Amino acid sequence: MRVLVPVKRVVDYNVKIRVKADQSGVDITGAKMSMNPFDEIATEEAIRLKERGVASEIVAVSMGEAKCQETLRTALAMGADRAILVETSAELQPLAVAKLLKAIVAREQPGLVLMGKQAIDDDSNQTAQMLAGLLGWPQATFASRIEIADGAATVAREVDEGIETIRVRLPAVVSVDLRLNEPRYASLPNIMKAKKKPLDVLTPETLGVDPAPRLEYLRVEEPPKRKAGVKVGSVQELVAKLKSEAGVI
């Protein structure tokens, strides 16, 4: 079974982002970039599936500028077999990404698309669901455990009430959550080997997809600063503050 793993290049999660002075977006000039953490978990799970003999090939795919090759090489160093870059300078929004992934799926014919539940830059949490809808495939989101057997995936997914376990027939789209696994570090020998693994470069035009954005960002603002907390001396004082200051009761 071939597994397709989309990976996104984002600002590293340790970096404190800055809003541009004109509030048109986020300033990433000189910022450290890395693979989206949820996609890293998806890549790790695909590698584990291959180690268990469930998957036969792992194909990593990314979309964006040429620098996204660095992210793909990271996936290759972790254990992916080959990579595909859809190179474009256009602003890619979830629907455009889903359409591009649909075209890649048509070319690669994977048995499973394994991806992060969301990217930490826009937090949209839409691409997996849109892709499944476009493909007409079953989907399982927020996966914290995945088992593949008999042409189906049994997925434990995190919901508000706890853990829900569902079974979906393959091919399917599965998006992963934080607690699924802990990604491995790429060893130096594997980093060197990754440089020789195949990486194909395509364009949206080649795939017959128009990536033009559908949404317009009007303004980006930093969240308001939180006020410092205070200590109270009694339950009665706490209740009084919740009534008079917080206004929640």
Q) Which order do Met35, Met1 take when ranked by solvent-accessible area (1.4 Å probe, heavy atoms of all protein chains), largest first? A) Met1, Met35
Q: Tell me which residues come under 5 Å, amide H to amide H, from Val201 once H is placed; ignore anything under 5 positions away on its chain.
A: Leu85
Q) Using a Gaussian network for the chain with springs between C-alpha atoms less than 10 Å apart, which of these wobbles most: Ala46, Ala75, Ala31? A) Ala31
Q. Assuming R0 = 51 Å, what is the FRET efficiency of Val232 and Glu147, from their Cβ-Cβ distance, to the nearest 0.05?
A. 0.55
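Take the Cα radius of gyration of segment 121-179 and divide it by 2.2 N^0.38 Å, with N its residue count; two decimals is plenty. Walk me through the numbers on the way to the answer.
Working: Rg = 11.5 Å, N = 59, 2.2 N^0.38 = 10.4 Å.
With N residues counted in segment 121-179, Rg over 2.2 N^0.38 Å equals 1.11.
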Q: Please determine, in degrees from 0 to 90 and to the nearest 10, the orientation of helix 68-78 with respect to the longest principal axis defined by the Cα atoms of the chain, where the helix direction is its Cα long axis.
A: 80
Q: With everything on Cα atoms, drop me the angle between helix 37-51 and the longest principal axis of the chain, reported from 0 to 90° to the nearest 10.
A: 40
Q.
I want to check a number: in segment 4-71, how many lysine pairs have alpha carbons closer than 25 Å, given a sequence separation of 8 or more or different chains?
A. 10
Q. Which far-off residues, 5 or more places away or on another chain, put their amide H under 5 Å from the one on Met33, with H placed in the peptide plane?
A. Asp12
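Using only the alpha carbon atoms of segment 53-108, find the Kirkwood hydrodynamic radius as the inverse mean reciprocal pair distance, in angstroms to one decimal.
Answer for segment 53-108: a Kirkwood hydrodynamic radius of 12.1 Å.
Using only the Cα atoms, what convex hull volume per residue in Å³ does the chain have?
Working: hull volume 45.5 nm³, N = 249.
Output value, Cα hull per residue: 183 Å³.
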(Q) Between segment 59-138 and segment 11-45, how far is it from one alpha carbon centroid to the other, in angstrom? (A) 17
Q: Can you give me the three principal axis dimensions of segment 132-249 from its C-alpha atoms, in Å, biggest first?
A: 66, 41, 40
Q.
Taking 25 Å as R0, compute the FRET efficiency from the Cβ-Cβ separation of Thr165 and Arg2 and round it to 0.05.
A. 0.50
Q: Just report the Cα centroid separation between segment 204-225 and segment 162-192, whole Å.
A: 27
Q) How large is ³J(HN,Hα) for each residue in segment 14-30, as worked out from phi by the Karplus curve 6.51 cos²θ - 1.76 cosθ + 1.60 (θ = phi - 60°), to whole Hz, x for Gly and Pro? A) 7, 8, 7, 6, 10, 7, 4, 4, 8, 6, 8, x, 9, 7, 10, 4, x
**Q.** Förster-model FRET efficiency, 41 Å R0, Arg52 and Asn125, C-beta, rounded to 0.05
**A.** 0.90
Q.
With unit charges on the beta carbons (Lys and Arg positive, Asp and Glu negative) and the dipole taken about the Cα centre of the chain, which residue among Gln109, Asn181, Leu95 sits farthest to the positive side?
A. Asn181
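Calculate how many DSSP beta bridges within the chain are antiparallel, expressed in % of all such bridges and rounded to the nearest 5. All intermediate terms of the calculation are to be shown ahead of the outcome.
On the way: 19 of 44 bridges.
Bridges in the chain that DSSP calls antiparallel: roughly 45 percent.
Loop-only GluC sites (Glu not before Pro) in segment 82-168, please: DSSP not H, G, I, E or B, and at most 12 other Cβ atoms within 10 Å.
Details: sites: Glu87, Glu91, Glu108, Glu147, Glu158, Glu161, Glu164; in loops: Glu91, Glu161.
Answer by residue number: Glu161.
Would you mind finding the longest exposed-site-free stretch of the chain, with exposed trypsin sites (Lys or Arg not before Pro) meaning DSSP loop and at most 15 other Cβ atoms within 10 Å?
Value returned for the longest uninterrupted segment is 68-183.
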Q: Compute the signed sum of charges (Lys and Arg +1, Asp and Glu -1) over the other residues within less than 11 Å, Cβ to Cβ, of Lys117.
A: -3
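The values are calculated or read from the model by the stated rules, or taken from the named source; none is laboratory data. Please read these numbers as outputs of a predicted model, since none were measured by experiment. Methodologically, a virtual Cβ is constructed for each residue, glycine included, from the backbone with ideal geometry; neighbour enumeration extends over all protein chains shown. In case anyone asks, the SASA skips ligands and DNA or RNA and just uses the protein heavy atoms, side chains included. Shrake-Rupley method; radii C 1.70, N 1.55, O 1.52, S 1.80 Å.
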